[in-house]
Amino acid sequence: MRLITEIVAIAMLSSAVSASEGDISELKSLILSFEDTKMTVEDLAFYLATHNYDARPVKDHVELKVDEKRYKLIPNGDAPGICDILPDS
């Protein structure tokens, strides 16, 4: 499944304009545009990095910086989209 995730991410990167770092609404759109019930923290960080986001896997979540704010993204399994976004406290 990870290989499929990587292939999809690369295909999306080469065929579409990648999201620019900066706007949380762009991030939310990106997250809702793709679903993978088996996405791991590493897969999520890779997917976001291929779309020019500053994403780093950390144990059970991804740390992400957008508009000088930090967020915690957690893969959400069967829920819509690929992850939940929480402010990093």
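Points to keep in mind about this one:
- Helices (runs of 4 or more DSSP H) contained in the chain and holding at least 1 residues touching a helix residue (DSSP H, G or I) at 6+ places or on another chain (Cβ under 7 Å) and at pLDDT below 90: 2-15
- When PRO80, PRO57 are checked against the criterion of being surrounded by 13 or more Cβ atoms within 10 Å (Cβ to Cβ), of a type outside the set (Phe, Trp, Tyr) and in contact (Cβ under 8 Å) with a residue 12 or more places away in the chain, a single residue qualifies: PRO57.
- Residue check: ASP43 meets all listed conditions (1) surrounded by 13 or more Cβ atoms within 10 Å (Cβ to Cβ); (2) at positive phi but one, namely (2).
The values are calculated or read from the model by the stated rules, or taken from the named source; none is laboratory data. Just so it is clear, the structure is predicted and the values come from calculations on it, not from any experiment. Neighbour counts are summed over all protein chains in view; Cβ atoms, including those assigned to glycine, are modelled from backbone coordinates with ideal geometry.
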